[in-house]
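Inspection log for the structure reproduced underneath, given as structure tokens.
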Amino acid sequence: MYEYEISQFRSAELIRRAEHERLAREAVRARRAARREATRHAAEGEVHTGRHRRYRFPRAA
């Protein structure tokens, strides 16, 4: 009887651990998707010319 209870406890613990890992993976996927969406949304409104905004002036002698 004791071994059966240990087996049941171990099974329940493995199920809890698997569910926790599943939730963690889902959270990572959701964060990545949100980051990609934010990047895509930000890129839609910007115009990139490929030039730097900082201008270089000649050094005075």
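None of the figures in this text is laboratory data; all of them are computed from the coordinates on show. Since the structure is predicted, the reported quantities are computational estimates derived from the model, not experimental observations. Cβ placement follows ideal geometry from the backbone for every residue including glycine, while neighbour counts extend to all protein chains displayed.
Some observations on this one:
- Residue-count net charge about E13 - beta-carbon cut-off 14 Å; Lys, Arg +1, Asp, Glu -1: 0
- Neighbours of L23 by Cβ distance under 14 Å: Lys/Arg scored +1, Asp/Glu scored -1, total +3.
- Extended-chain gain in nm, criterion 0.36 nm per residue less alpha-carbon gap, H41 and E21: 4.2 nm
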